[in-house]
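Take a look at the structure below.
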Amino acid sequence: MQNLVARRFQPQLILVSAGFDAHWADSLGQIKLSLKGYDHLTRELIAMAEALCGGKIVFVLEGGYNLVSLSNGVANVALALLHKSQLLDPLGPAKGDETDVTSVIDKIIALHELEPAG
C-alpha cells in the first residue's frame, strides 16, 4: 500500500505542511509523536518524492509550540534532506506508547476503497 495514493496522483512535486505540535512534549497537539516518529515520516516522504517526482519535495513549517521539539524537529528534517542518518532527540520517547495510527490508516483505506495499483 506504500505510496498508493501518491502514485495515483502522479505528483510533480510534494508539499509537506510540517507541523511539530503533534510531538508528545507539545501542550497543544497531545498526539504523543516522538522526534524519532517524525524522522520516520520525513524519510518516508523523501523516499516517496524520490520514487515519484525526481526528489522534488518542499517542507513548510506550520506549527509547534515546544521550542525544543520544534527546533530539533526542523533540524532533523534538514538532516534527512541531506541524507544524513543523524537524529537529534534530546527529549526521547514519550512516557507510554506513541499513538498508533495503523487503525486510522486502515479506516481510510477502506473508506476510499484503495487497492494496490495493478
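Laid out as a table, the results:
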item	result
Expected 222 nm ellipticity per residue - DSSP helices of 4 or more, -39500 (n - 2.57), all of the chain, to 500	-13500 deg cm²/dmol
Candidates per trypsin sites (Lys or Arg not before Pro) in segment 1-104, loop by DSSP, up to 10 other Cβ within 10 Å	84, 95
Percentage relative contact order, the chain, counting C-alpha pairs under 8 Å, at least six apart	32
Rounded to 10°, Cα long-axis angle of helix 67-81 versus longest principal axis of the chain	40
Calculated FRET value between residue 81 and residue 27, using beta carbons and R₀ = 22 Å, to 0.05	0.20
Segment 12-111, dipole about Cα centre (Lys/Arg Cβ +1, Asp/Glu Cβ -1), debye to the nearest 20	180
Principal-axis tilt of helix 102-111 within the chain, Cα atoms, nearest 10 degrees	30
For segment 8-34 versus segment 40-113, the gap between their alpha-carbon centres in whole angstrom	6
Of 47, 82, 27, farthest towards positive along the dipole that unit charges on Lys, Arg, Asp, Glu beta carbons give segment 12-111	82
Sequence-distant lysines (8 or more away, or on other chains) whose Cα lies within less than 18 Å of residue 32	95
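Computed from the coordinates by the stated procedures, all read-outs in this text should not be read as laboratory data. This is a predicted model, so every value here is computed, not measured. Neighbour counts run over all protein chains shown; Cβ positions are idealised from the backbone, glycine included.
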